[in-house]
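Q: Provided herewith is a single structure, encoded as structure tokens, for subsequent inquiry.
No value in this document is a laboratory result; all are computed from the given coordinates. In this text, all values refer to a predicted model and were calculated from it rather than measured experimentally. No Cβ is skipped: glycine too gets one built from the backbone with ideal geometry, and neighbour counts run over all protein chains shown.
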Amino acid sequence: MKFGVFLPNGSNGYIMSKAIPPYMPTWELNRDITLEAERFGFDFVLSMMKFRGFGGETGYWDGCLESFSLTSALATVTQRIGLIPTASLLALHPAYVARTMATLDDISGGRVGLNIVTGWNKPEYAQMGLWRGDEYYEQRYAYALDYVHVLRTLWRDGTMTHHSPYFDLDDCQCFPTPTHEIPLVSAGQSSAGQDFVSQVGGHSFAMVAPERLHAIASGLKHAGTKYGTRVGTYGLFQIVAAETEDQAWQTASDIVAGGDIEAIKSLVYSASLDTVKGGTSGQFRNEDAGADADLLAGDIEAGNMVFMNVPVLVGSYETVARKIDNIAEDHNIEGMLFCWPDWVAGIQTFGERVLPLLSCRKNWDGETMGDLRALRTDF
């Protein structure tokens with residue numbers, strides 16, 4: 001069972017609440033989290049990319065450190081942990097990303113993967129004149145398949161001539177090529193998104209409650225067999241752990257009570273524009289919400305908008321460890337990606353109080369589990 005950290009390179013991390021003092025992302029914070037993650041044997045860190053936040057009283061995600069630059073810096077201060085930056089496909093040409101990743105592969109000694117984000121947040125890209133029209137909602141996975149084809153051809157051959165509805169390349173060159181294979185990950189959860197992951201292989205990050213996570217993991221494994229790819233699933237979870245059950249639940253409840261309503265409404269609005277059903281944006285639509293209080297009413301463990309509908313593992317250290325082990329019993333789930341309300345203290349406490357209790361990590365030897373090459377697949 002692999003473990004990763006979803007880095008808070010966007011302001012306020014992944015909690016939309018006034019109960020958490022607002023903060024801008026900094027290099028120092030993300031460096032310290034990554035070094036603690038490496039110290040405790042985590043396998044990778046992943047940084048997202050957001051070009052426009054959702055405002056509100058907390059200025060949620062209004063600031064964001066650029067993902068590739070951050071990854072480059074992290075590579076120079078770490079030795080073993082895997083590093084996964086995010087490519088926002090609408091904002092970056094695949095030839096540029098191919099060269100950037102080849103550079104990061106060299107800097108890190110082969111410790112990088114790439115997170116593919118097709119992009120459903122229209123206001124984020126429209127502000128830069130990069131939105132491809134509302135038909136893109138339905139076309140985005142065809143666009144992403146073509147994008148990945150360009151990436152992998154340039155990584156393999158260093159040159160490519162390619163003409164498609166999306167890209168025109170004439171003897172396009174990218175040298176040097178990567179020395180190591182670069183694994184791909186994606187968070188596609190709709191049927192179209194899952195089909196994309198199955199076709200390209202690699203790993204899917206799913207931000208759903210354990211019941212649906214099991215179904216997605218099983219379905220992706222089966223679909224990969226159809227396409228001849230190896231596909232794995234990682235679950236994304238927030239962690240709210242404390243000495244006692246009451247302390248943990250009080251913290252989680254306080255966070256929900258302080259929900260940033262205006263930021264949540266902004267997120268819900270953007271998600272409501274997406275015409276693709278069943279995906280990540282669908283978790284943010286909250287179409288049944290009427291009064292503001294409805295936006296805060298979701299089950300904390302299954303998905304509450306304050307926690308971006310990411311399921312939360314709440315409880316004492318022993319309880320959280322038991323919940324993780326229960327999820328890990330499904331062998332179709334290959335790993336988990338975590339975030340915390342209080343990042344450095346949270347990961348330190350997790351490492352000291354939760355990790356030693358986990359059966360799913362009992363074979364970790366302190367040296368080998370951090371190799372991102374364990375994510376690599378046969379294409």
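Q: Given 154, 102, 115, which one lies farthest toward the positive end of the charge dipole of the stretch 93-157, if we put +1 on the Cβ of every Lys and Arg and -1 on the Cβ of every Asp and Glu?
A: With unit charges placed on the Cβ atoms, the residue in question is 102.
Q: Counting only residues 5 or more places away or on other chains, whose amide H sits under 5 Å from the amide H of residue 337 once H atoms are built in the peptide plane?
A: Sorted by chain and number, the residues that satisfy this are 4, 235, 236, 237.
Q: Please find the FRET efficiency linking residue 139 to residue 262, where r is the Cβ-Cβ separation and R0 is fixed at 30 Å, and quote it to the nearest 0.05.
A: About 0.45, to the nearest 0.05.
Q: Between residue 93 and residue 130, what is 0.36 nm times their sequence separation minus the Cα-Cα distance? Round to one decimal in nm.
A: 12.2 nm
Q: List, in order, the whole-Hz ³J(HN,Hα) value for each residue of the stretch 106-116 obtained from phi through the Karplus relation with A = 6.51, B = -1.76, C = 1.60 and θ = phi - 60°; use x for Gly and Pro.
A: After applying 6.51 cos²θ - 1.76 cosθ + 1.60, I find 5, 4, 8, x, x, 9, 10, x, 9, 8, 9 Hz.
Q: Ignoring everything except DSSP H segments at least 4 long, calculate the 222 nm mean residue ellipticity for the chain; use -39,500 (n - 2.57) per segment, divide by total residues, nearest 500.
A: Helix contribution divided over all residues of the chain: -11500 deg cm²/dmol.
Q: Please list, in chain and number order, the residues 5+ apart from residue 316 or on another chain whose amide H is under 5 Å from its amide H, with Hs placed from the backbone.
A: Answer set, sorted by chain and number: 242, 245.
Q: Here is a follow-up. Which percent, to the nearest 5, of DSSP beta bridges fully inside the stretch 2-375 are antiparallel?
A: If we restrict to bridges inside the stretch 2-375, about 15 percent are antiparallel.
Q: Once the chain is represented by equal point scatterers at the alpha-carbon sites, with solvent omitted, what log10 I(q)/I(0) does the Debye formula produce at q = 0.07, 0.08, 0.10, 0.11 Å⁻¹?
A: -0.28, -0.37, -0.60, -0.74
Q: A 29 angstrom limit on the alpha carbon distance is what I want to check against. Which of 2/265; 226/265; 18/50; 2/226; 122/221; 226/323 exceed it? The partial results should precede the final answer.
A: Working: 2/265 34 Å; 226/265 40 Å; 18/50 20 Å; 2/226 25 Å; 122/221 31 Å; 226/323 32 Å.
Beyond 29 Å: 2/265; 226/265; 122/221; 226/323.
Q: Then there is this: Count neighbours as other Cβ atoms within 10 Å of each site's Cβ, and list the chymotrypsin sites (Phe, Trp or Tyr not before Pro) in the stretch 119-214 that are DSSP loop with at most 15 such neighbours.
A: On the way: sites: 120, 125, 131, 136, 137, 141, 143, 147, 155, 166, 167, 196, 205; in loops: 120, 131, 166, 167.
Sites meeting the loop and neighbour criteria: none at all.
Q: Got a sec to turn the phi values of the stretch 195-212 into Karplus ³J(HN,Hα) couplings, 6.51 cos²θ - 1.76 cosθ + 1.60 with θ = phi - 60°, whole Hz, x for Gly and Pro?
A: Values per residue, Gly and Pro as x: 5, 4, 4, 5, 6, 8, x, x, 10, 10, 9, 10, 9, 10, 4, x, 4, 6 Hz.
Q: Additional query: Once phi is turned into θ = phi - 60°, what whole-Hz ³J(HN,Hα) does the Karplus curve with 6.51, -1.76 and 1.60 give for every residue of the stretch 35-48, x standing for Gly and Pro?
A: 5, 5, 4, 5, 4, 8, x, 5, 8, 6, 10, 10, 10, 8
Q: Moving on. Computed on alpha carbon atoms, what radius of gyration and Dmax characterise the stretch 85-152, expressed in Å?
A: 13.0, 40
Q: Go through the stretch 128-218 and name the GluC sites (Glu not before Pro) that are in a DSSP coil and have 14 or fewer other Cβ atoms within 10 Å of their Cβ.
A: Numbers: sites: 135, 138, 181, 211; in loops: 135, 181.
Listed in order of number, the matching sites are 135.
Q: Sticking with this one: Given Cα pairs under 8 Å that are at least 6 residues apart, what percent is the relative contact order of the chain?
A: Relative contact order for the chain comes out at 22 percent.
Q: Still on this structure: First check a/c for the stretch 23-94, with a ≥ b ≥ c the square roots of the eigenvalues of its C-alpha gyration tensor; if it is under 1.5, answer rounded, and if not, answer prolate when a/b is larger than b/c or oblate otherwise.
A: Cα axes put the stretch 23-94 in the oblate bin.
Q: Would you mind calculating the gained length between residue 211 and residue 331 on full extension (0.36 nm times residue separation, minus the Cα-Cα distance), in nm to one decimal?
A: 41.8 nm
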